[in-house]
1. Would you compute the Debye intensity of region 53-94 from its alpha-carbon atoms alone, equal scatterers and no solvent, and pass along log10 I(q)/I(0) at q = 0.21 Å⁻¹ to two decimals?
2. Residue-wise, which Karplus ³J(HN,Hα) couplings in Hz belong to region 37-42, taking 6.51 cos²θ - 1.76 cosθ + 1.60, θ = phi - 60°, and x for glycine or proline?
3. Work out how far the C-alpha atoms of region 118-177 reach from end to end along every principal axis, then list the three figures in whole Å, largest first.
4. To the nearest 0.05, what FRET efficiency results for Ala69 and Arg160 with a Förster distance of 22 Å applied to their C-beta separation?
5. Which ³J(HN,Hα) values, rounded to whole Hz and listed in residue order, are derived for region 121-131 from phi using the Karplus coefficients 6.51, -1.76 and 1.60 in 6.51 cos²θ - 1.76 cosθ + 1.60 with θ = phi - 60°, glycine and proline given as x?
6. Ordering His26, His60 from largest to smallest accessible area (1.4 angstrom probe), what's the sequence?
7. Give a residue-ordered list of calculated ³J(HN,Hα) values for region 48-54 (Karplus: 6.51 cos²θ - 1.76 cosθ + 1.60, θ = phi - 60°; whole Hz; x for Gly, Pro).
8. Suppose each label sits 7 Å from its Cα in the direction of the beta carbon; what would the Met90-Arg43 distance come out to in nanometres?
Amino acid sequence: MSGSADVWGPDGVPSSPRAAVTHLFHHHYRRLVGLAGLMVDDRETAEEVVQDAFEALYRHWDRLRDPYAAVAYLNRSVVNGSRSTVRRRMTERAYELPDAGVEPSAESAGLDGSRRAELISAVRELPRRQREVMVLRYFLDLSEAEIAQWLGVSRGSVKRHAFRAVDTLQKRMEAWT
């Protein structure tokens, strides 16, 4: 595929579901993995969530009323898939005994040296709802109303979670200096 001319036909409709999804994959995969990575705690899981979203889009392409809404569908699918993954992990961890004496990997120890890694770590340590609000607000650039709709909560709840998250992150960053 050389460009978008191969994807969209003269009538503005995708030439085929495969071409359209392939085009979307090439243009949005990396961003969506970053989004999922902020919500789950490892890249491999983030990639799986994104792959599942693209697979679902391809399987259900014929049900998509507006092909131009596919990016919004992918965004929402990745957020929902990430939330489900985190919930599943929380349930699994509730029934596991913690491992004693587990050492962090050399890779994670190396990443902890940079400010960016510390900030990502701080975001991941936020309570689930605060983390979701921060990711949706600052990564997807959604408004408070859109976040409230996505999460099924009030705008006041979104404001409260955002305020608490920013306050926690500011205190954490002050400790770095």
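1. Here log10 of I(q) over I(0) equals -0.66.
2. x, 6, 9, 10, 9, 7
3. On the principal axes, region 118-177 reaches 36, 19, 16 Å in Cα extent.
4. Working from the Cβ atoms, E equals 0.15.
5. Here the 3J(HN,Hα) series is 4, 5, 5, 5, 7, 4, x, 3, 5, 5, 4 Hz.
6. Numbers: His26 135, His60 55 Å².
Descending order: His26, His60.
7. 5, 4, 5, 4, 4, 5, 5
8. If labels sit at Met90 and Arg43, their model points lie 2.7 nm apart.
The values are calculated or read from the model by the stated rules, or taken from the named source; none is laboratory data. Quick caveat: nothing in here was measured; it's all calculated off a predicted structure. Please note: Cβ atoms are built from the backbone with ideal geometry, for glycine as well, and neighbour counts cover all protein chains shown. Side chains included, ligands, DNA and RNA excluded: accessible areas come from the protein's heavy atoms. Shrake-Rupley method; radii C 1.70, N 1.55, O 1.52, S 1.80 Å.
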